[in-house]
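A.B. asks: Handing you this structure, nothing more for now.
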Amino acid sequence: MKKRGFLLVLIFVVSLFIFTGCLQKQPEPQPEPQPGLKLDIAKVKYDFVTSPAQEATITGIVLCIDGDYVILQDATTGILVYDSQFSSTTGAKVGDKITLSGTPVYYYNDIEYKYNTVNYGATETTTEKLTPKKLDIALDKSWLVVADKNGNVSTTTSDATNLSLWLYRYVTVEGTTTITGTKNFTVEYETADGTATLAGYNRAGALTVHASAPATVTGYLAGYSNKWQLYVWDPSNIQY
């Protein structure tokens with residue numbers, strides 16, 4: 001009996017030693033990402049919408065240089081860098097990949113970086129190609145944030161995730177397009193729930209008034225006058 005009791009104690013001690021050793025080998029939890037590290041553009045916009053503004057580093061490819069606007073895109077979405085000096089001062093061209101850091105700001109319905117408030121990092125050439133995302137959902141205006149020109153918010157978003165994904169995203173829309181003037185048009189397109197209509201605005205050149213016809217429109221999404229709008233920067237963005 002004594003021998004059996006001794007064996008039981010020995011087995012218990014050995015098991016306890018093995019179990020304790022296994023606990024010591026468990027990996028330590030990884031630290032949470034810290035502000036200022038390079039993140040995708042959607043995550044930066046989401047953090048800005050849902051928490052106090054903070055500096056963040058982004059990397060994106062220049063989709064277009066649209067007047068005073070430089071539109072950057074990565075694999076998730078896009079963002080606007082405002083100021084005509086950005087392109088001329090940095091030498092950034094369409095197709096270049098650029099890195100910058102700064103604190104995003106609100107401007108009416110926009111989330112944007114202002115050139116004179118960012119730290120410009122680097123420009124590099126790249127073979128990466130931007131591919132527009134097919135727009136097949138209805139955009140809800142309640143997703144937009146309403147602010148004034150000084151960034152004071154009067155209405156917050158009802159869906160920070162969708163706002164972060166779709167604002168300034170590079171998209172293509174297939175549907176019935178009606179050009180109502182040299183600058184304005186509408187696109188009616190199919191969604192899983194039926195149809196949706198999106199207003200569009202041409203930011204360069206001139207469009208020819210055209211009756212409703214099937215077309216594919218490629219551009220970037222923005223908020224204007226508290227509603228969604230599809231911007232094109234060249235008449236060739238509308239293909240019949």
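A.B. asks: Go through segment 131-148 and give me each residue that's within 14 Å of N226 (Cβ to Cβ) and assigned to a loop (DSSP other than H, G, I, E, B).
C.D. replies: L139, D140, L144, V145, D148 - these are the residues of segment 131-148 that are within 14 Å of N226 (Cβ to Cβ) and assigned to a loop (DSSP other than H, G, I, E, B).
A.B. asks: Can you name the residue in segment 104-125 that is among the hydroxyl-bearing types (S, T, Y) and at pLDDT 85 or above and is also surrounded by the most Cβ atoms within 10 Å (Cβ to Cβ) among such residues?
C.D. replies: Of everything passing the filter in segment 104-125, Y113 is surrounded by the most Cβ atoms within 10 Å (Cβ to Cβ).
A.B. asks: May I ask you to say which residue of E128, E190 is surrounded by fewer than 16 Cβ atoms within 10 Å (Cβ to Cβ) and not in a loop (DSSP other than H, G, I, E, B)?
C.D. replies: Answer to the selection: E190.
A.B. asks: Hey, can you tell me all the residues within segment 104-130 that are under 15 Å from the mean Cα position of the chain (by Cα) and either more than 23 Å from L221 (Cβ to Cβ) or of a type in the set (S, T, Y) (or both)? Lay out the reasoning, then the answer.
C.D. replies: Within segment 104-130, the subset under 15 Å from the mean Cα position of the chain (by Cα) is 104-106, 109-113, 130.
The answer is Y106, Y113.
A.B. asks: Does any residue of segment 169-180 turn out to be hydrophobic (A, V, I, L, M, F, W, C), within 21 Å of the chain's Cα centre (by Cα), exposed (fewer than 15 other Cβ atoms within 10 Å of the Cβ) and not in a loop (DSSP other than H, G, I, E, B)?
C.D. replies: no
A.B. asks: For segment 137-159, which residues satisfy the criterion of being among the hydrophobic types (A, V, I, L, M, F, W, C) and over 29 Å from T172 (Cβ atoms)?
C.D. replies: V153, the sole residue that qualifies.
A.B. asks: Now a separate question. Please work out if D96 is within 21 Å of L144 (Cβ to Cβ) and in contact (Cβ under 8 Å) with a residue 24 or more places away in the chain. Explain how you work it out, then say what you get.
C.D. replies: Working: within 21 Å of L144 (Cβ to Cβ): no; in contact (Cβ under 8 Å) with a residue 24 or more places away in the chain: yes.
Taking the combined requirement at face value, the residue does not satisfy it.
A.B. asks: Six or more apart or on different chains, Cβ atoms under 9 Å: show the pairs whose first residue is in segment 225-240 and within 19 Å of T197 (Cβ to Cβ) and whose second is of a type outside the set (S, T, N, Q) and surrounded by fewer than 13 Cβ atoms within 10 Å (Cβ to Cβ).
C.D. replies: Every condition considered, the pairs that remain are Y240/A213; Y240/P214.
Residues checked against (1) under 16 Å from K45 (Cβ atoms); (2) modelled with pLDDT of 95 or more; (3) aromatic (F, W, Y):
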residue: K133; (1), (2), (3): yes, yes, no
residue: K149; (1), (2), (3): no, no, no
residue: S158; (1), (2), (3): yes, yes, no
residue: T177; (1), (2), (3): no, yes, no
residue: T197; (1), (2), (3): no, yes, no
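A.B. asks: With the structure loaded, tell me whether A160 is closer than 24 Å to L63 by Cα, in contact with a Ser or Thr (Cβ under 6 Å, 6 or more places away or on another chain) and crowded, with 17+ Cβ neighbours inside 10 Å or whether it fails that test. Quick ask: steps written out before the conclusion?
C.D. replies: Details: closer than 24 Å to L63 by Cα: yes; in contact with a Ser or Thr (Cβ under 6 Å, 6 or more places away or on another chain): yes; crowded, with 17+ Cβ neighbours inside 10 Å: yes.
Against the criterion (closer than 24 Å to L63 by Cα, in contact with a Ser or Thr (Cβ under 6 Å, 6 or more places away or on another chain) and crowded, with 17+ Cβ neighbours inside 10 Å), A160 qualifies.
The values are calculated or read from the model by the stated rules, or taken from the named source; none is laboratory data. Please read these numbers as outputs of a predicted model, since none were measured by experiment. Cβ atoms come from the backbone with ideal geometry, glycine included; neighbour counts cover every protein chain shown.
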